[in-house]
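Following: one structure in C-alpha cells, then a few remarks.
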Amino acid sequence: MPAGHDGHTAMLLGAAKYLSETRNFDGRVAVIFQPAEEGGGGGREMVEDGMMETFKIDEVYGMHNWPGLPTGQFAIRSGPFFAAADQFDIYVTGLGGHAAKPQDTIDTTVVASHIVIALQSIASRNLDPVKQLVVSVTGFATGSMAHNVIPETVHLKGTVRTMDPDVQDMAEKRLTEIAEGTAAMMGGKVEVDYRRGYPVMVNADAQTEFAAEIAKSVSGSCEDAPLVMGGEDFAFLANARPGAYILVGNGDTAMVHHPKYNFNDEAIPAGCSWWAEIVEKRLPAA
C-alpha cells in the first residue's frame, strides 16, 4: 500500500522532470524534499542548516493530499492553517502494593485516571470558547500488568494543539498545575515533561492568493480550507520565508494516519500540474 508521502514525492519529481526538460521559466527553483517530516522536525533542521541562504530561496510552497476533498481538487486558507503541536509525558509515582489491600497503597492508576479527566477542563473551562485547543492523552502505561498488583508508577503521554501562542502558554501552565495538584491531592507525585514541537503554520496572504489562482487554473476551482488542528513541519519553512501550503484532494478515502488510508494515484497529475504552473507563472520566461 503506497504511503501518502510517496505520492507527494512522485508529484514533485514529476514536476521537476517536466521543468528540467522544458525550462519554460526564468530563474532558480529549489525542489525541497523534507526529511523526518513526521515528528522529526526536518524542516527546522534544513532552515537551521542554511538552506534558504544556500539556495537563495525567496518564497516557499508546500502541498499535502487530503481525503474527503474531491480527487485533484484544491483547498487553501490564508493566515494560521495548521496548529502548533506540542508533546507531553507525565510520570505518576505512588505506593504500589497488593490489589486486595488498596488502603495500604497510593494507587497510581486512580491518580492518573483523575489526571486524564481533569486535563479536559483546560479546553472546556480555561479557554475562551471561540479559540482552538486540543488536549489529548494518547498513552496510559502502568508499571505492572498483573491482575493483583497496584502499580508503583504510571506513564501518561499525549499532545496539545493550539493556534495561538497565548493559548499555548496557558495550556502548558495549566497542564502542569493540574497534574501536580491532582497527584498531590491524592498523595502521589508527578514529573511533567512538556516539549514545544511544530509552531503554527501560517500562510502568507500574497502567496496564498497566488497558489489559489494556480489551483483554479489546474482544476477549475479552489475551496476555502478549514482550520486544521494537525501539525505540519512545513511551518518551519513558512516561518523562514513567506509561503503557502495547499491541500490536494485524495477523494473519498480513509483519513491520513488511519490504518486503511491509501494514497490515490489519480491525484498525481493535478499535483504535478500545480507545481509546474507555480514555477512557470511565478518565474515567467523572458
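Can you give the local net charge around H155? Use residues other than it whose beta-carbon is closer than 12 angstrom to its beta-carbon, Lys and Arg +1, Asp and Glu -1.
-3
Any lysines with Cα under 19 Å of the K189 Cα? List them, leaving off those in the same chain fewer than 8 positions away.
Within the straight-line limit of under 19 Å, K189 reaches these lysines: K157, K173.
Determine the percent antiparallel among the DSSP beta bridges restricted to the chain, to the nearest 5. Let's see the in-between values first.
Working: 35 of 47 bridges.
Restricted to the chain, the bridges split so that about 75 percent are antiparallel.
Using label points projected 7 Å from each Cα along Cα→Cβ, tell me how many nm separate R28 and D166, to one decimal.
Calculated label separation equals 4.1 nm.
How long is the gain from T153 to A141 if the chain were fully straight, where each residue apart is worth 0.36 nm and the alpha carbon distance is subtracted?
Values: separation 12, 0.36 × 12 = 4.32 nm, distance 0.86 nm.
Extra length available between T153 and A141 comes to 3.5 nm.
Which semi-axis lengths, in whole Å and largest first, follow from the square roots of five times the eigenvalues of the Cα gyration tensor of the chain?
Whole-Å semi-axes of the equivalent ellipsoid: 45, 19, 17.
Mind giving me the FRET efficiency for D205 and Y18? R0 is 30 Å, r the Cβ-Cβ distance, nearest 0.05 is fine.
0.60
Give me the number: length gained by fully extending D224 to E37, i.e. 0.36 nm times residue separation minus the C-alpha to C-alpha distance, one decimal in nm.
64.8 nm
So what's segment 1-128 giving for Cα Rg divided by 2.2 N^0.38 Å, two decimals?
That works out to 1.74 for segment 1-128.
Where a number appears in this text, it was derived from the coordinates with a stated rule and is not lab data. Note that the structure is a prediction, hence the values are computed from the model and not measured. Glycine also receives a Cβ, built like all others from the backbone with ideal geometry; neighbour counts cover every protein chain displayed.
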